[in-house]
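Student: The structure that follows is given in the form of structure tokens.
The values are calculated or read from the model by the stated rules, or taken from the named source; none is laboratory data. This structure is a prediction, so every number in the text was calculated from the model and none was measured. As a convention, Cβ positions derive from the backbone with ideal geometry for all residues, glycine included, and neighbour counts pool all protein chains shown. The area values use the complete protein model at the heavy-atom level, side chains included, leaving out ligands, DNA and RNA. Shrake-Rupley method; radii C 1.70, N 1.55, O 1.52, S 1.80 Å.
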Amino acid sequence: MQKLSSYISAGLQDKTKLLHRLTLSLRMQLPEALARHCWVASLDNRTLTILTDDPGQASLLRYQQYEILKQLNQELGLASKEYLNRLKIKIRKAVNQPKRPVPAKPLSDQGARHIRECAEHMQDDDLKEALHHLARQSRKD
């Protein structure tokens, strides 16, 4: 079986690496709270496009756009004809935002009673103790 990278053109791999490098550089120069919400999406015609998942953060980026371009140009050491001269900021909802865990519902009294009854019939002492411990988590106990 071939590696996945063998199916992706070298040009696309190089572009992806550049965008990742630019994202890391961008995040290093921004405050932590702002950096977590920024990704470099593209680099075309001397224009850098940044994605953010928060409209408030987009405003902060717009206020800092000239400083961002200046620092990225210095860091990358681009020749004068290759300088980044424009910054676009787009707002996109993050796709994989972690969901907040749903709080566990307390064990009902009836459920705890059933678990205690099951525990009484267990021969494995560790399992028996674990079930008793679980049964003690009921609302009443």
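Student: Taking segment 92-105, which residues are open to solvent by less than 80 Å² (accessible area, probe 1.4 Å) and either modelled with pLDDT of 70 or more or assigned to a strand (DSSP E or B) (or both)?
Tutor: As a first pass, look at segment 92-105 and keep what is open to solvent by less than 80 Å² (accessible area, probe 1.4 Å): 94.
The answer is none; no residue qualifies.
Student: Here is a further query. Give me the residue from segment 1-27 that is hydrophobic (A, V, I, L, M, F, W, C), open to solvent by less than 100 Å² (accessible area, probe 1.4 Å) and more than 19 Å from the chain's Cα centre (by Cα) and, out of that set, nearest to ASN73 (Cα to Cα).
Tutor: Going through the qualifying residues, I end up with LEU18.
Student: Being under 19 Å from LEU84 (Cβ atoms) and either among the hydrophobic types (A, V, I, L, M, F, W, C) or modelled with pLDDT under 90 (or both) is the filter here; which residues of segment 43-59 pass it?
Tutor: LEU43, ASP44, ASN45, ARG46, LEU48, ILE50, LEU51, ALA58
Student: If you don't mind, another one. Can you name the residue in segment 106-130 that is under 37 Å from the mean Cα position of the chain (by Cα) and in contact (Cβ under 8 Å) with a residue 12 or more places away in the chain and is also surrounded by the most Cβ atoms within 10 Å (Cβ to Cβ) among such residues?
Tutor: For segment 106-130, the residue satisfying everything is LEU107.
Student: Could you look through segment 28-54, keep only residues that are in a helix (DSSP H, G or I) and open to solvent by less than 80 Å² (accessible area, probe 1.4 Å), and pick out the one that is farthest from ARG92 (Cα to Cα)?
Tutor: Looking at the filtered set, the residue picked out is GLN29.
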